[in-house]
Each structure stands twice: as structure tokens, then as C-alpha cells.
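The values are calculated or read from the model by the stated rules, or taken from the named source; none is laboratory data. Just so we're clear, the structure is a prediction, and the values are computed from it rather than from any experiment. Please note: Cβ atoms are built from the backbone with ideal geometry, for glycine as well, and neighbour counts cover all protein chains shown.
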Amino acid sequence: MRETWRWFGEFDPIPLDQVAQTGAEGIVSALHAIPYGEVWTRDAISKRRDEILAAGFTWDVVESLPVHEDIKRGTGDLSGLFENYRQSLANLAAEGITTVCYNFMPILDWTRTDLMAPVARGGTCLHFSAAKMAAFEIHMLGREAAEETYHPNAVRQGRAWHDAASQEDKAALLHAIMSGLPGAYDRYDISGLRDVLTTYDGLTHDDLRANLARFLAEIIPAAAELGIRMCIHPDDPPRDILGLPRIVSTQSDIDWIMNAHPDPANGLTLCSGSLGSHAENDVPRIARAFADRIHFVHLRNVAKSHDGSFSEAAHLTGDVDMVAVVDEILKAERLRNAEIPFRADHGHALLSDAATETQPGYTLIGRMRGLAELRGIVTALKR
């Protein structure tokens with residue numbers, strides 16, 4: 001298993017000379033400043049690649065080459081967007097970068113309600129409270145029928161939270177949720193979020209699956225010809241949210257995607273935290289089921305509650321059996337005679353992390369701790 005580290009380039013306050021001290025070998029990065037739907041030029045790609053090489057790393061994985069919202073909605077003439085995506089892949093391949101992570105989540109790449117939830121022995125973590133999310137959807141956003149999508153306890157607790165919350169509390173909740181917006185870090189207020197949600201009105205799970213199937217049909221043959229491994233990321237969290245359908249949440253969802261275009265270039269990013277947030281997902285079993293299609297791995301742990309809430313746990317102490325997951329990835333490597341890149345996904349904010357404003361979850365000390373723990377598991381299982 002090849003150790004990698006996610007780095008946000010010019011948007012990342014952690015310089016590569018500090019990343020080098022973590023022991024990671026490769027970098028996971030993207031060209032975040034390029035608007036969705038535009039071509040990643042060879043010049044822009046080579047500039048980022050050369051910056052990474054100069055620091056003693058290789059650029060192992062693109063995370064992510066974003067899918068334009070119009071493709072997810074299936075609206076308008078999409079031929080130009082598909083052509084631009086294929087050209088970006090061709091340019092990446094020409095510069096030697098051949099593993100590309102992406103997702104098919106409408107609007108939000110991930111959702112949390114708390115960016116600095118306290119951890120028992122010190123530090124903070126990312127947290128998703130079903131009650132606070134219910135409060136947001138039902139009382140702040142006013143989304144019709146939102147109450148039906150939450151556990152009754154979450155609805156009741158959400159009302160209590162909303163009634164007691166200050167304007168500062170509500171602003172902090174909106175900020176946390178909006179932190180899951182991708183790209184160049186646009187943000188919405190409540191009115192703006194309502195407006196963008198209307199662009200998905202009436203879109204069903206079957207509609208979104210059909211749009212993903214079209215994307216795969218347009219992109220996977222080109223990727224295969226270029227020698228690129230595409231790897232879709234699971235939904236985070238793995239549930240419908242804000243009235244938006246999610247279609248990469250369970251083993252059956254992933255099975256449908258792999259069969260929709262049965263080419264090795266159509267692969268999976270195994271994210272143990274995203275998948276592990278779903279009560280019915282057995283992450284080691286999923287890793288075993290798709291051993292031949294996993295091209296990238298995110299190792300993160302979660303502690304779940306019965307109402308759908310979860311906290312991001314330390315990498316070895318949550319509900320996901322991390323030793324079993326790593327064992328399955330090592331078996332997949334032996335099966336394929338190939339090294340699979342992984343990264344310690346997220347980390348608690350520990351010690352001096354509190355003094356650095358990083359991307360949520362992408363701390364230095366917390367991720368370094370997680371990487372060291374995971375390195376120990378890999379080393380022990382290889383003996």
C-alpha cells in the first residue's frame with residue numbers, strides 16, 4: 001500500500017516540506033482554482049506536477065476532477081462538458097498522472113454540522129448531528145417534507161436545538177454545511193441555497209443513476225484508452241440530504257455502478273469513513289467484493305449513533321474494523337500484483353493544529369498520527 005497525502009496546492013497552509021516529515025511518499029492533489037467544466041491544460045498540470053516533484057514526491061492521484069452539475073442534472077447540451085472532461089484526462093495522462101478520483105454527489109461534496117466538535121481527551125473532530133441537520137432542513141431552510149427523512153428523535157431534538165440556538169449558533173451551522181461545497185469555495189446563504197436546490201427539483205434516484213450511466217458511457221472508454229483508472233468516491237454521508245438523491249451509498253449501489261460499465265477503468269475509491277457511516281455497510285466485505293476495482297483508498301473511522309449521527313473517530317478506535325479493511329486491501333494488492341495508493345483521510349485537530357486554519361479535517365498532526373497508526377497495521381500484516 002502506497003502512502004499518500006492530500007495537498008490543496010495554493011489553498012493549503014501546510015507546505016510540502018512539512019508533509020515530507022510525515023513519511024508519505026506520494027501526493028494527492030487537484031487544480032482547485034480551475035472552474036468546473038473547463039479544461040485542465042497540460043501547462044497547469046505540469047506546473048503542479050513539477051512543484052510536487054521538486055519537493056521529493058510524486059503526484060499519484062487526482063482528487064478530484066470534478067463533474068459539472070449540469071452533467072449530474074442531465075440538463076442542456078452536455079457534449080462540450082464531456083469533451084472538456086475527456087481532454088482533461090488526455091492532458092493528465094500525457095503528464096503521467098493516471099488515477100483520477102471523482103464523485104457524483106449533487107451540490108455538496110460532503111456534509112458535517114460541526115467542524116470543531118470536542119474529543120474526550122483533547123482536540124476536535126468533524127461531526128454530523130442528525131438533530132442539527134434536521135433543524136437546518138426543517139426550520140432554517142424550510143424544505144418541504146424534510147421531517148419525513150429524519151428519525152423522530154432527531155426531529156424532536158432538532159426543534160429543541162433550533163428553539164434554543166442563537167443567531168451565532170445558526171450561522172456556525174450554515175458555515176459548517178457550506179464547507180462541503182467543492183471547487184473554488186463558493187458559499188451560499190439560506191436564500192442562495194434554496195435557489196440552487198430548485199435546479200434539482202424532481203430529480204429522482206433513477207434519474208441520477210441514468211445521468212451517471214451516461215457519464216460513464218462518455219468517459220470510461222476514453223479513460224481506458226488513455227490508461228487512466230477512474231475511481232468514484234462514495235456519498236458522504238451515505239444518505240439523501242437536502243432532498244437530493246444519493247446513489248453511491250451501499251454495496252448494491254457500487255455493484256450497479258461497476259456493472260453499468262464493466263471495464264477495469266471504471267473503479268472505486270474505497271472510503272472506509274463514508275461507507276462506514278451507513279449502519280448496514282460492512283466495509284471489509286465491500287473491500288473484498290470489489291478487490292479488482294479499487295484504485296484508491298481513504299482510511300478514516302467513524303463512531304455512529306442510532307439516529308444517523310456520527311463523529312470522525314481516531315483511525316483505529318471507531319466502528320470500522322480498520323485492521324480487517326487494511327487486510328483486504330493487502331489481499332487485493334497480492335491478487336493484482338499492484339500497489340494501491342491510500343491516504344489517512346481526515347484527522348483530529350491535535351496540539352498545534354489548532355493554530356493553523358486548514359481545510360476542515362485536513363490537519364497536520366492529526367493526519368500524521370493516523371498515517372503512523374495505519375503504517376503500523378500495514379507493517380504488522382505484511383510480516
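Only helices (runs of 4 or more DSSP H) whose full extent lies in region 244-294 are considered here, and the ones with at least 1 residues that are of a type in the set (D, E) are 251-260. Among the strands (runs of 3 or more DSSP E) confined to region 1-118, the ones with at least 3 residues that are aliphatic (A, V, I, L, M) and modelled with pLDDT of 95 or more are located at 114-118. Condition check for F342 on (1) surrounded by 23 or more Cβ atoms within 10 Å (Cβ to Cβ); (2) farther than 16 Å from A24 by Cβ; (3) not hydroxyl-bearing (S, T, Y): one failure, at (2). Taken over region 214-230, the criterion of being of a type in the set (A, V, I, L, M) and surrounded by 22 or more Cβ atoms within 10 Å (Cβ to Cβ) is satisfied by I219, A223, I228, M230. Can you confirm whether R209 is farther than 21 Å from F136 by Cα and either among the aromatic types (F, W, Y) or within 20 Å of the chain's Cα centre (by Cα) (or both)? So R209 passes the test.
When we screen G192, G227, G142, G180 for residues that are under 25 Å from the mean Cα position of the chain (by Cα), at positive phi and not hydrophobic (A, V, I, L, M, F, W, C), the only hit is G227.
Pairs are defined by a Cβ separation below 9 Å, a sequence spacing of at least 6 or placement on different chains, a first member in region 143-166 that is in the same structural domain as G243 (by TED's automatic domain parsing), and a second member that is hydroxyl-bearing (S, T, Y) and assigned to a helix (DSSP H, G or I); no pair meets this definition. Put simply, of G96, G76 the only residue that is in contact with an Asp or Glu (Cβ under 6 Å, 6 or more places away or on another chain) and on the phi > 0 side of the Ramachandran plot is G76. If I filter region 361-383 down to residues being surrounded by 17 or more Cβ atoms within 10 Å (Cβ to Cβ) and either outside the structural domain of H315 (by TED's automatic domain parsing) or among the small types (G, A, S) (or both), which single residue comes out as nearest to A24 (Cα to Cα)? Within region 361-383, the match that is nearest to A24 (Cα to Cα) is G370. The set of residues in region 279-317 that are under 20 Å from A372 (Cβ atoms) and of a type in the set (K, R) contains only R300. Screening Y188 with (1) over 30 Å from E10 (Cβ atoms); (2) among the hydroxyl-bearing types (S, T, Y); (3) surrounded by 12 or more Cβ atoms within 10 Å (Cβ to Cβ) gives one miss only, at (1).
The set of residues in region 299-310 that are within 30 Å of Q157 (Cβ to Cβ) and either assigned to a helix (DSSP H, G or I) or under 16 Å from the mean Cα position of the chain (by Cα) (or both) comprises R300, N301, V302, F310. Taken together, T358, T317 contain a single residue that is assigned by TED's automatic domain parsing to the domain that holds P284, without any contact (Cβ under 8 Å) to a residue 40 or more places away in the chain and among the polar types (S, T, N, Q), which is T317. Being in contact with a Ser or Thr (Cβ under 9 Å, 6 or more places away or on another chain) and crowded, with 18+ Cβ neighbours inside 10 Å: is that true of H233 here? It is true that H233 is in contact with a Ser or Thr (Cβ under 9 Å, 6 or more places away or on another chain) and crowded, with 18+ Cβ neighbours inside 10 Å.
Residues in region 311-332 include none that are in a strand (DSSP E or B) and more than 19 Å from Y362 (Cα to Cα). Among the residues of region 1-38, the ones that are surrounded by 20 or more Cβ atoms within 10 Å (Cβ to Cβ) and among the basic types (K, R) come to 1 in all. Listed by first and then second residue, the pairs linking a residue in region 193-211 that is within 12 Å of P245 (Cα to Cα) and touching a residue at least 24 places away in the same chain (Cβ under 8 Å) to a residue that is part of a helix (DSSP H, G or I) and among the aromatic types (F, W, Y), with Cβ atoms under 8 Å apart and 6 or more places separating them unless they lie on different chains, are R209/W256. Just a yes or no: is a residue in region 128-138 over 28 Å from L65 (Cα atoms), assigned to a loop (DSSP other than H, G, I, E, B) and either touching a residue at least 40 places away in the same chain (Cβ under 8 Å) or in the same structural domain as H306 (by TED's automatic domain parsing) (or both)? Yes: one or more hits.
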